[in-house]
Amino acid sequence: MARRRQLYEGKAKVLFEGPEPGTLVQYFKDDATAFNNQKKDVITGKGVLNNRMSEYLMERVGQIGIPTHFIKRLNMREQLVREVEIIPLEVVVRNVAAGQISQRLGIAEGTQLPRSIVEYYLKADELGDPLLAEEHVTAFGWATPQELDEILSYALRINDFLTGLFLGIGLKLIDFKLEFGRYWEEEEMRIVLADELSPDNMRLWDAQTDEKMDKDRFRRDMGGVREAYQEVARRLGILPEEVQAEAAAEMGQAPKSVH
Ligand code: UDP
C-alpha cells in the first residue's frame, strides 16, 4: 500500500490521511508519556492493545446511541476514523477521587465522590492543560453553550454505560478523559466522540483489591503496565491473538487456538 501522508503526530498516536476524503487513519504507538511529556517510555505492545480496546469500547458506546468518529479497525495498530474538527477540551468525568482532584482539593485518593463530576480542561500542552470554568469555555468560544450541554449529556451517558460495563468484569471506573469533535453531515453539525477509549485515558481499579490497572502504573513507576492493559483486554474478552500467543510463549505454554 502506498505510504499515507502524515497529518499530525501526538504523544501516543499518529494521524494519517485516510483513503477517502473526510477520513483519517489513526495509528496507535507504543509510546507512553506523563506529566506533560516530562516522563517518556515505550511500552511494547501498548499500541496494539489500545487500538483493540478503543475499537471495542467505541463500538459499544456507539451502540447506546453516542455518535463516535470510529469507523473500523484496519489492522493491529491502525483504525479508520472520521475526520472531525477537534473541540480543544479535555472532558474529564470523575466517580472516585484520584489524581488532580485529590491533589487540588485534598480529597484522599479512593474517596467516592458525592456524585459524578464533569470537568473541562483546555487542550494546551504549553499551559499544562489548565482547568476551566464553563464560563471560559463559552466566553472564549471553545464551545457554544448548546455544544457544551450536548457534551455534558454524552459524557454522563458514557460514564453510566462504561461504569456498568467495567463493573461487570470486576473493574471500577474511577475517572476518564474524553475528547469530542464537530462533524458535518450534509448541512447539520454533529458532536461526536473522538480520540480513544483505553486505559491510557481512564483509571480502572480492580473491584476486589483496588489494584491499579491503568496508566497510573506508568506514571507512578509501579511496573507491570503491559500486563495490566493485557488483563483489562482479557477481561473485556478481546485480548488480540498475537498478544495472547506472545504471553503464552513467555509463560512457556503453547498458544491457545486462534479463531
Ligand atoms: N487524563 C488524560 N489525559 C490528560 C489528563 C488526564 O487522559 O492529559 C485522564 C487520566 O488518565 C485520568 C483522568 O483523565 O483517567 C483524570 O486525570 P487527572 O485530571 O486526575 O490528571 P492526572 O492525575 O492524570 O494528571
(message) Could you list, ordered by first residue, the pairs with Cβ atoms under 8 Å in which the first is in the stretch 213-231 and under 17 Å from residue 40 (Cβ atoms) and the second is hydroxyl-bearing (Ser, Thr, Tyr) and surrounded by fewer than 20 Cβ atoms within 10 Å (Cβ to Cβ), at least 6 apart or interchain?
(response) 226/44
(request) Given the conditions (1) farther than 19 Å from residue 92 by Cβ; (2) out of contact with any helix residue (DSSP H, G or I) (no Cβ under 8 Å at 6 or more places or on another chain), report the number of the one that residue 194 does not fulfil. (result) (1)
(request) Being of a type in the set (Asp, Glu), surrounded by 13 or more Cβ atoms within 10 Å (Cβ to Cβ) and over 17 Å from the mean Cα position of the chain (by Cα) is the filter here, so list the residues in the stretch 5-46 that pass it. (result) 17, 41
(message) Regarding the stretch 59-68, can at least one residue be identified that is more than 25 Å from residue 172 (Cβ to Cβ), in a helix (DSSP H, G or I) and touching a residue at least 60 places away in the same chain (Cβ under 8 Å)?
(response) no
(request) Working only within the stretch 172-186, note down all residues that are away from the ligand (no atom under 13 Å from the Cβ) and buried (at least 19 other Cβ atoms within 10 Å of the Cβ). (result) 180, 181, 183
(request) Filter the stretch 77-91 down to residues that are surrounded by fewer than 22 Cβ atoms within 10 Å (Cβ to Cβ) and either of a type in the set (D, E, K, R) or not in a loop (DSSP other than H, G, I, E, B) (or both) and give me whichever is nearest to the ligand (Cβ to nearest atom). (result) 90
(request) Kindly provide the set of residues from the stretch 187-204 that are touching a residue at least 60 places away in the same chain (Cβ under 8 Å), assigned to a strand (DSSP E or B) and either hydroxyl-bearing (Ser, Thr, Tyr) or within 16 Å of the ligand (Cβ to nearest atom) (or both), ordered by number. (result) 193, 194, 203
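Residue by residue, here is whether (1) at pLDDT 95 or above; (2) within 16 Å of the chain's Cα centre (by Cα); (3) part of a helix (DSSP H, G or I); (4) under 25 Å from residue 105 (Cα atoms) holds:
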site	(1), (2), (3), (4)
135	yes, no, yes, yes
143	yes, no, no, no
147	yes, no, yes, no
152	yes, no, yes, yes
157	yes, yes, yes, no
163	yes, yes, yes, yes
166	yes, yes, yes, no
(request) Run down 229, 183 and say which single residue is among the hydroxyl-bearing types (Ser, Thr, Tyr), part of a helix (DSSP H, G or I) and touching a Lys or Arg at 6+ places or on another chain (Cβ under 8 Å). (result) 229
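The values are calculated or read from the model by the stated rules, or taken from the named source; none is laboratory data. All of these numbers come straight from a predicted model, not from anything done at the bench. In this analysis, Cβ positions are derived from the backbone assuming ideal geometry, glycine residues included, and neighbour counts consider all displayed protein chains.
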